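Everything below concerns the one structure shown next.
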Amino acid sequence: MKRTLEQWLAYQQQVHPRDIAMGLERVGEVFRRLAPGRPGRRVAVVGGTNGKGSTVAFLEAMARAAGLKVGAFTSPHLLRYNERIRIDGVDAADDALVAAFEAIEAARGEIPLTYFEFGTLAALLLFADAGLDLAILEVGLGGRLDAVNLIDADVAVITTVDLDHQDYLGPDRESIGAEKAGILRAGKPCVLAEKDPPSSVLRRAYAIGAFAIRGHSDYLVDDLGEDGWRWREPGYAVDLPNPAMEAPAQRGNAAAAIAALRALDLPVPDAALREGVRAARVPGRLQRLPGRPERVLDVAHNPQGARQLGEWLAAHPRPTVAVFSALADKDIAGIVAPVAPYVQGWHLGPITDAGPRGLAVDALAGRVRAALPGAALASHPRLDAALAAAAQAVGPDGRVLVFGSFHTVAEALAAR
């Protein structure tokens with residue numbers, strides 16, 4: 001009897017004993033058996049600690065505005081698994097995903113695959129069948145040993161490198177950067193969006209002969225105030241509107257996407273770049289929901305993301321109460337500290353759908369209390385109760401800020 005998509009997803013979580021299993025040997029063998037061909041005529045791979053999903057969205061919107069056929073693979077999803085695989089802006093249909101999973105299951109034999117590896121292979125199969133001008137693949141974790149790294153990118157983008165997933169990637173920026181630089185390829189361009197990337201990334205680029213295109217050096221971003229901003233490199237410049245996505249980092253993400261498109265030498269006119277900057281949106285990135293009080297959702301789940309969220313809060317003062325939850329393996333103190341100066345109260349809830357990475361609310365409260373002694377904290381047995389209590393506490397003219405995890409934001413979106 002044929003499995004539904006939901007049944008396939010539940011099954012995939014039982015195939016491999018671990019949620020995360022780094023390495024390309026197993027998934028690479030299944031990929032070779034499937035032999036799907038190249039996912040697109042051009043391929044962009046996007047890695048980094050933060051900004052990956054937004055950079056993918058800018059690349060996708062700009063290329064589609066130019067009339068190109070584009071596929072985008074991202075993770076995680078917020079509300080529906082289908083969000084992870086898009087072709088020409090449309091989420092993959094259930095039956096297409098099921099057919100891809102059936103092919104993968106037939107090919108893998110006794111080889112165990114993780115949930116993420118099943119999804120990556122499904123994206124590669126669907127993209128190869130779609131005749132794409134551009135396939136955009138977001139790295140899931142790290143780079144060197146991530147399933148996306150099966151594909152040789154025509155351009156690689158590394159957005160930022162900061163502390164996250166240290167258990168898998170190493171204890172500091174240098175070791176994490178070395179892992180992320182695994183997506184670079186000899187003789188191919190790579191966009192390094194940070195002003196000061198780790199030296200490990202630069203060493204890798206130079207060692208293999210990848211052509212490094214550095215933000216704040218090989219291309220520049222000029223602030224034009226309320227009129228927007230200008231992207232420029234020697235011999236070329238384009239004036240652009242401000243991104244619809246509000247975070248301070250979004251200009252940098254859009255700028256990296258433009259650099260990647262220019263490195264690919266794709267036919268993307270200035271008008272398409274402008275339209276892409278205006279059109280790109282990603283749920284859960286400083287997303288405002290209608291109604292009162294103001295509700296702002298942000299997936300900031302590591303210290304760098306929280307610092308960027310703190311910058312936005314500083315620039316948009318308003319009485320704010322936070323609804324916060326996080327996974328057990330996260331640097332909770334490093335996440336709450338940059339936001340705390342702009343928050344008058346905290347409502348905590350559990351994450352119940354993340355398996356062993358979930359965190360009971362009492363344990364979460366203990367870690368937040370240790371990080372923010374004296375802060376006003378309230379614990380709730382469910383996130384919907386935390387949302388309701390926060391809205392009542394701040395009143396109609398205030399702001400409820402929901403952040404800390406994709407799981408937290410997804411639950412808030414589902415409850416609206």
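Values in this text are rule-based calculations from the coordinates and carry no lab data. These numbers come from a predicted model, not from an experiment. As a convention, Cβ positions derive from the backbone with ideal geometry for all residues, glycine included, and neighbour counts pool all protein chains shown.
Of note:
- Annotation: aspartates and glutamates with alpha-carbon distance below 17 angstrom to residue 2 (same-chain offsets under eight excluded): 94, 95, 102, 105.
- Dividing the mean sequence gap of close Cα pairs (under 8 Å, 6+ apart) by how many residues the chain holds gives a relative contact order of 15 percent.
- Cα shape, segment 206-275, gyration tensor, a/c 1.5 rule: prolate
- Values of log10 I(q)/I(0), in the order q = 0.12, 0.14, 0.18, 0.21 Å⁻¹, for segment 234-361 under a Debye, Cα-only, solvent-free model: -0.60, -0.76, -1.03, -1.22
- Ellipsoid semi-axes for segment 291-416, based on the Cα gyration tensor and the rule √(5λ), read 19, 16, 14 Å when sorted largest first.
- For segment 263-416, share of DSSP beta bridges that run antiparallel, in % to the nearest 5: 20 percent
- Extents of segment 128-230, taken as max minus min of Cα coordinates on every principal axis and listed largest first, are 42, 40, 26 Å.
- Of 335, 349, 254, farthest towards positive along the dipole that unit charges on Lys, Arg, Asp, Glu beta carbons give segment 234-374: 349
- In range of the label at residue 288: residues from segment 386-412 whose backbone nitrogen is under 15 Å from the point 7 Å along Cα→Cβ: 397-402
- Of 148, 15, 45, the one that fluctuates the most in a GNM where the chain has Cα springs shorter than 10 Å: 15
- A straight Cα-to-Cα reach below 15 Å connects residue 188 with the aspartates and glutamates 152, 154, 265, residues fewer than 8 places away in its own chain not being considered.
- 21 Å Cα-Cα reach of residue 195 towards lysines, excluding residues that sit fewer than 8 places from it in its own chain: 52, 180
- Relative to the Cα centre, the charge distribution of the chain, modelled as +1 at Lys and Arg Cβ and -1 at Asp and Glu Cβ, gives a dipole magnitude of about 40 debye.
- Shape class for the chain: oblate, because the ratio a/c of the largest to smallest gyration tensor axis (alpha-carbon atoms, square roots of eigenvalues) is 1.5 or more and b/c is at least a/b.
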